[in-house]
Amino acid sequence: MKIAFIGLGNMGAPMARNLIAAGHEVTGFDLAAQPEGIEMAPTAAAACTGADVAITMLPNGAILQSVADEIIPVLPRGAVFLDCSTVDVDSARAVAAQAAAAGLGALDAPVSGGIGGAEAGTLTFMVGGGDAAFATAAPLFEVMGQKAVHCGPSGNGQAAKICNNMILGVTMIATCEAFALADKLGLDRQKMYDVVSTSSGYSWTMNAYTPAPGVGAKSPADNGYKPGFAAELMLKDLGLSQTAAAAVDADTPMGERALELYRQYVEEEGGRGMDFSAMLPRFESRGRG
Ligand code: NAD
């Protein structure tokens with residue numbers, strides 16, 4: 001397929017390289033990044049001329065909407081606009097409606113799996129949009145990922161992503177505060193891991209991304225809490241889930257508390273540039289006050 005790829009940062013560049021390695025013809029555009037091994041166009045619109053699929057991997061909904069304004073008019077009728085960024089549900093639905101009005105298919109397909117998954121081609125895609133567009137994009141999901149779940153109409157991919165990441169943020173905090181409590185109770189961290197990882201407190205954050213250095217799964221904790229998945233990205237995602245919750249009047253008190261803790265950590269306690277599991281040293285250094 002002829003693919004335009006807009007937004008070639010930490011995630012986009014390796015995803016685009018996997019498409020090239022699978023034999024697709026990829027033309028990229030990025031405002032700043034100059035990734036090796038990807039043919040670049042001078043503008044987003046130029047990258048999209050004659051494309052079968054336009055993929056975007058951008059920082060937020062406002063940027064997505066501005067790129068959409070630029071590329072939707074130049075994409076051929078019948079092409080698919082495939083947004084893989086994590087953005088708010090409203091932006092995803094607005095862009096999909098704009099694309100449909102121009103005779104394009106549209107999918108919101110945010111990912112889970114991080115930079116490692118993007119490089120290895122093992123991302124999970126959660127996809128909102130129509131069946132025909134999903135069928136067009138399916139071979140691309142297979143190259144870039146290991147699984148694509150069609151979650152329903154436009155916006156439902158983003159809905160799945162922000163619900164997943166709200167659980168992730170809340171369970172990471174619970175796991176970290178439990179390790180810090182165990183320390184103060186004199187319980188060895190390895191013993192704590194051995195019990196919890198095979199008991200009812202187990203979770204992805206405990207078992208697969210253990211936030212304690214030298215214990216459990218190899219994770220950013222073993223690398224000085226270098227991200228991984230940065231605390232500020234978790235803050236962004238918890239902001240999206242709380243905004244969505246407010247819009248539909250959903251009661252999400254744990255999500256709200258997690259948002260506040262990550263906001264404090266990133267904005268007031270030096271957490272910018274740290275992995276989101278560095279909540280453990282944050283709790284370690286504090287008492288109840
Ligand atoms: P990044 O900042 O590394 O990359 C974003 C790229 O978009 C940058 O290269 C930037 O120059 C480019 N860009 C910004 N505005 C642009 C514009 N108007 N036109 C063209 N290019 C533009 O971010 P990332 O880590 O690659 O994340 C991208 C998206 O994926 C985000 O929505 C993020 O939430 C999501 N995500 C990231 C991870 C992760 O672990 N990094 C995991 C899952 C999802």
For this session: Kindly provide the set of residues from segment 127-158 that are closer than 19 Å to ALA94 by Cβ and either away from the ligand (no atom under 11 Å from the Cβ) or at pLDDT below 95 (or both), ordered by number.
Result: VAL127, GLY128, GLY129, GLY130, ALA133, CYS151, GLY152, PRO153, SER154, GLY155, ASN156, GLY157
For this session: May I ask you to verify whether PHE29 is more than 9 Å from the ligand (Cβ to nearest atom), modelled with pLDDT of 95 or more and either surrounded by fewer than 16 Cβ atoms within 10 Å (Cβ to Cβ) or more than 22 Å from LEU233 (Cβ to Cβ) (or both)?
Result: no
For this session: For segment 55-73, state whether one or more residues are away from the ligand (no atom under 16 Å from the Cβ), crowded, with 17+ Cβ neighbours inside 10 Å and closer than 15 Å to GLY28 by Cβ.
Result: no
For this session: Having 2 or more residues that are free of Cβ contacts under 8 Å to residues at least 24 places away in the same chain is the bar; report the helices (runs of 4 or more DSSP H) wholly within segment 180-272 that clear it.
Result: 189-196, 231-248, 253-268
For this session: Look at segment 32-46 and say how many of its residues are loosely packed, with under 14 Cβ neighbours inside 10 Å and out of contact with any Lys or Arg (no Cβ under 7 Å at 6 or more places or on another chain).
Result: 6
Exercise. If we keep just the residues of segment 10-26 that are in a loop (DSSP other than H, G, I, E, B) and crowded, with 17+ Cβ neighbours inside 10 Å, which is farthest from the ligand (Cβ to nearest atom)?
Worked result: HIS24
Problem set entry | Positions within segment 191-220 being more than 16 Å from the ligand (Cβ to nearest atom) and crowded, with 19+ Cβ neighbours inside 10 Å, in sequence order | MET192, TYR193, VAL196, MET206, THR210, PRO211, ALA212, VAL215, GLY216
Seminar exercise, completed: For segment 107-123, the count of residues that are of a type outside the set (Gly, Ala, Ser), farther than 14 Å from ALA137 by Cβ and either more than 8 Å from the ligand (Cβ to nearest atom) or part of a strand (DSSP E or B) (or both) equals 2
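The values are calculated or read from the model by the stated rules, or taken from the named source; none is laboratory data. Fair warning: this is a prediction, and the values are worked out from it, not measured in the lab. Counting neighbours? That spans all protein chains shown, and the Cβs are built from the backbone with ideal geometry, glycine included.
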